[in-house]
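Peer 1: I'd like to ask you about the structure that follows.
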Amino acid sequence: MREKKSLISNLQSPISRRAFLRLALLTGIATGAGVIYKATEVVGFERWFRWMARGNRARLFAPNARVALAACAAYDADVLAAARAVWQNATMPDLRGARVVIKPNLVDFVGDLPCFTHPRIAQAMIQLARESGAREIIVAEGTTFRRDPQAILDATGYAAMLAHEQIAFVDLNYDDLVEIPLRGGYTRLKTLFVAKTIRDADVLISLPKMKTHHWADISASVKNLFGVVPGIKYGWPKNTLHIQGIPAFLAELADSLQTRACAVVDGIVGLQGDGPLFGSAVPSGIIVAGTDLLAVDATCARLMGFDPAQIGYLDFAAWAGIGAIDAGKIELAGEPLARFQRQYERPPQMG
Amino acid sequence: MPNATDFLLHAQNADGGWGYRVGGMSCVEPTAAVLLALTDPNARARGRDFILSSQNADGGWGIAALDSESGWMTAWAVRALADFADARAAVTRGAQWLVAAEGIRVTDPDARKLVFQVDKIDSTLRGWAWQPGDAAWVHPTALAILALVAAGQREHARVRDGVEYLYDRACPDGGWNIGNPWMLGRKIPATIQDTAVALLALRAAGVTSDERRVTKAIEYLRRAVAQARTPAELAWGICALRDWRVDTGDAPSRLNASQSADGSWNGNPFITAAAMLALKP
């Protein structure tokens, strides 16, 4: 009985403060490691750590992204002057001698809804590339819902515009293919077939419509890149890629395309609500441009009245260090953002 | 159309295949379509050899020789090779691949209900996907039905499943699109090409025009083709309407008028082959 009492007394004896802190620290580290391990089990700790480290490095040390805004009240205004202004203010790539591929969003046509990039801004970009000394200019798209893009080109006015500008259209759905490695590891895909026209471009200009999207929340320069993957491999509507998870696959696209990309966004009239096809028009009077596609999209999100951190693909890709979405990491040039901010109606599935 | 034939003969690649443009990478689909349209025995033999040499070890076909993952173009290969007596073994293996392949289905009751709320479709039905790991869609399902019928398997249960799948995906106003008749409460309109290929498949499967969804689809297609302007839409629309013995109006003459000086339609061997099939006497 006495021995038992002594044992209990030893166990109850207070440990030193230093030992307690050590124990607490070790417990904390072990618990944290366990939580991280469990949380990253799906993708693997190594990958998660690589993404996290790159994201933190970008947030701490990467120079600010530059995004330019230019006012353009309507499509019959001087769109080329506005395009020149954003191109200059955003410090965009030098197009002299370059093979330039302009990739508008020609998802489909639905009555007179502004669900596609207006041909007037595509025409302005062609003229800008021409006066900048581009060696070759191509307009290219791989449409999502129709195998035959001709009806879309006719209905949207692109066929007439391209004929007038004597510019070739390349249907990326039927282009020769190249297989590229996916370096991010964000999806289960190891490689991706992309159109050779995109791989061979010196500069790819993503030229989307600013709009809301019922699966991706918003659609701008990164979502527009879905069109560079060929329908003949991934089908119509390229659903295999959606199945990979939209934020993860968009991060993969933004990270793995080896072509130098930049973006010019058609926000002259945006689309709100049930995008990418339906919803309603919002005159926003703005063109947005930059070389950091995430920063451009984050700026578009703000112009549409949304917090970029609440947009799944932006939040994920920025966390992984693919680009910047924090306002403090984006240097705006040209027109003040606040003047053009609207509150777009949310898409039906948006949280 | 001698100049269309000349165009196709000129467009044949050194490897025996055809691409979607002159000089473009040979792919299974345009090669198979040209084989259905062309009669030149030498060009056909070289085209057949291209398709045979592109068959993957699993019996299916990717989009081209560089693609080792078999997918939807298997249906095109089987359909085209079925016309060659000496390709029977390849056809059998291709048909077996098709029978084993199916799009992802959603069978969990809660998830199924969710899919129905969004798309108003029955996600448990068996159809064919564009590629493994994808859900089923109208176009690959219709092509697979055409291929299995050509391979002598019209009575196979998968053909019947495919027909049920197509019925389910019919658009409320008639016809088919990619496979989403509805999206978040909105009707998604039909397209000519999807409707045409679905109608061709249903006809091949033995469905008759008594079927309500067929009647509506034919009516949609007749109206749409009357206004169609693009060679691809006209060609596929005419093929389907002719197959169902429906008057094509002035569509053939409009398709004829859209032929380019080089004998092609849009400079594209695939569309040119479809146009030749549509205008075949």
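Peer 1: Is it true that some residue in segment A:85-108 is in contact with a Gly (Cβ under 9 Å, 6 or more places away or on another chain) and hydroxyl-bearing (Ser, Thr, Tyr)?
Peer 2: Yes.
Peer 1: Which residue, of B:Gly174, B:Gly179, B:Gly152, B:Gly133, is touching a His at 6+ places or on another chain (Cβ under 9 Å) and either outside any helix (DSSP H, G or I) or surrounded by fewer than 17 Cβ atoms within 10 Å (Cβ to Cβ) (or both)?
Peer 2: B:Gly179 is the lone residue from the list that is touching a His at 6+ places or on another chain (Cβ under 9 Å) and either outside any helix (DSSP H, G or I) or surrounded by fewer than 17 Cβ atoms within 10 Å (Cβ to Cβ) (or both).
Peer 1: Still on this model: Check B:Val246, B:Val163, B:Val214 and return the single one that is more than 14 Å from every other protein chain (Cβ to nearest Cβ), over 30 Å from B:Arg93 (Cβ atoms) and part of a helix (DSSP H, G or I).
Peer 2: Going through B:Val246, B:Val163, B:Val214 in turn, just one is more than 14 Å from every other protein chain (Cβ to nearest Cβ), over 30 Å from B:Arg93 (Cβ atoms) and part of a helix (DSSP H, G or I): B:Val214.
Peer 1: Can you pull out every residue in segment B:205-240 that is open to solvent by 60 Å² or more (accessible area, probe 1.4 Å) and touching a Gly at 6+ places or on another chain (Cβ under 7 Å)?
Peer 2: Selection gives B:Lys216, B:Glu219, B:Ala226.
Peer 1: While we're looking at this one, here's another question. What number of residues within segment A:224-247 are away from chain B (no Cβ under 14 Å) and under 30 Å from B:Val28 (Cβ atoms)?
Peer 2: Matching residues across segment A:224-247 total 6.
Peer 1: Follow-up question, since we're still on this one. How do the helices (runs of 4 or more DSSP H) wholly within segment B:1-70 filter down when requiring 3 or more residues that are touching a strand residue (DSSP E or B) at 6+ places or on another chain (Cβ under 9 Å): which remain?
Peer 2: Answer list for segment B:1-70: B:28-37, B:41-53.
Peer 1: I would also like to ask the following. Just checking, which of B:Ala64, B:Ala95, B:Ala89, B:Ala75 is within 14 Å of another protein chain (Cβ to nearest Cβ) and more than 24 Å from B:Val214 (Cβ to Cβ)?
Peer 2: Testing whether each residue is within 14 Å of another protein chain (Cβ to nearest Cβ) and more than 24 Å from B:Val214 (Cβ to Cβ) leaves just B:Ala64.
Peer 1: Also, I was wondering about something else. So is B:Asp243 open to solvent by less than 60 Å² (accessible area, probe 1.4 Å) and under 25 Å from B:Leu148 (Cα atoms) or not?
Peer 2: Yes; evaluated as a whole, the condition is true for this residue.
Peer 1: Hey, any hits in segment A:152-164 for a residue that's modelled with pLDDT of 95 or more, out of contact with any Cys (no Cβ under 9 Å at 6 or more places or on another chain) and buried (at least 23 other Cβ atoms within 10 Å of the Cβ)?
Peer 2: For segment A:152-164, residues modelled with pLDDT of 95 or more, out of contact with any Cys (no Cβ under 9 Å at 6 or more places or on another chain) and buried (at least 23 other Cβ atoms within 10 Å of the Cβ): present.
Peer 1: Among the listed residues B:Leu38, B:Leu81, identify the single one that is in contact with a Ser or Thr (Cβ under 9 Å, 6 or more places away or on another chain) and surrounded by 17 or more Cβ atoms within 10 Å (Cβ to Cβ).
Peer 2: B:Leu38
Peer 1: Another question about this same structure. With the structure loaded, tell me whether B:Lys120 is without any contact (Cβ under 8 Å) to a residue 24 or more places away in the chain, open to solvent by 40 Å² or more (accessible area, probe 1.4 Å) and over 14 Å from the mean Cα position of the chain (by Cα) or whether it fails that test.
Peer 2: Spelling it out, it is not the case that B:Lys120 is without any contact (Cβ under 8 Å) to a residue 24 or more places away in the chain, open to solvent by 40 Å² or more (accessible area, probe 1.4 Å) and over 14 Å from the mean Cα position of the chain (by Cα).
Peer 1: A follow-up question, please. Give segment B:182-211 a look and list any residue that's part of a loop (DSSP other than H, G, I, E, B) and within 14 Å of chain A (Cβ to nearest Cβ), or say none.
Peer 2: Result: B:Leu184, B:Gly185, B:Ile188, B:Pro189, B:Ala190, B:Thr191.
Peer 1: Within segment B:155-168, which residues are under 24 Å from A:Thr144 (Cβ atoms) and open to solvent by 10 Å² or more (accessible area, probe 1.4 Å)? Walk me through it before giving the result.
Peer 2: Let us first name the residues in segment B:155-168 that are under 24 Å from A:Thr144 (Cβ atoms), namely B:162, B:165-166, B:168.
Matches in segment B:155-168: B:Asp168 only.
Peer 1: Suppose the filter is touching an Asp or Glu at 6+ places or on another chain (Cβ under 9 Å), assigned by TED's automatic domain parsing to the domain that holds A:Met92 and open to solvent by less than 20 Å² (accessible area, probe 1.4 Å); does A:Ala320 pass it? Can you show your working first?
Peer 2: Working: touching an Asp or Glu at 6+ places or on another chain (Cβ under 9 Å): yes; assigned by TED's automatic domain parsing to the domain that holds A:Met92: yes; open to solvent by less than 20 Å² (accessible area, probe 1.4 Å): yes.
For A:Ala320, the condition - touching an Asp or Glu at 6+ places or on another chain (Cβ under 9 Å), assigned by TED's automatic domain parsing to the domain that holds A:Met92 and open to solvent by less than 20 Å² (accessible area, probe 1.4 Å) - is met.
Peer 1: Only residues that are open to solvent by 10 Å² or more (accessible area, probe 1.4 Å), under 24 Å from A:Val110 (Cα atoms) and either charged (D, E, K, R) or within 13 Å of chain B (Cβ to nearest Cβ) (or both): list them for segment A:248-275, please.
Peer 2: Result: A:Asp274, single match.
Peer 1: Under 7 Å between Cβ atoms, at least 6 apart or on separate chains: pull out the pairs that start in segment A:276-298 with a residue that is more than 25 Å from A:Pro247 (Cα to Cα) and of a type outside the set (A, V, I, L, M) and end on any residue that is open to solvent by 10 Å² or more (accessible area, probe 1.4 Å) and not in a strand (DSSP E or B).
Peer 2: Every condition considered, the pairs that remain are A:Ser284/A:Phe340; A:Ser284/A:Arg342; A:Gly285/A:Ala73; A:Gly285/A:Phe340.
The values are calculated or read from the model by the stated rules, or taken from the named source; none is laboratory data. Just so we're clear, the structure is a prediction, and the values are computed from it rather than from any experiment. No Cβ is skipped: glycine too gets one built from the backbone with ideal geometry, and neighbour counts run over all protein chains shown. Side chains are part of the model used for accessible areas, which takes the heavy atoms of the whole protein and leaves out ligands, DNA and RNA. Shrake-Rupley method; radii C 1.70, N 1.55, O 1.52, S 1.80 Å.
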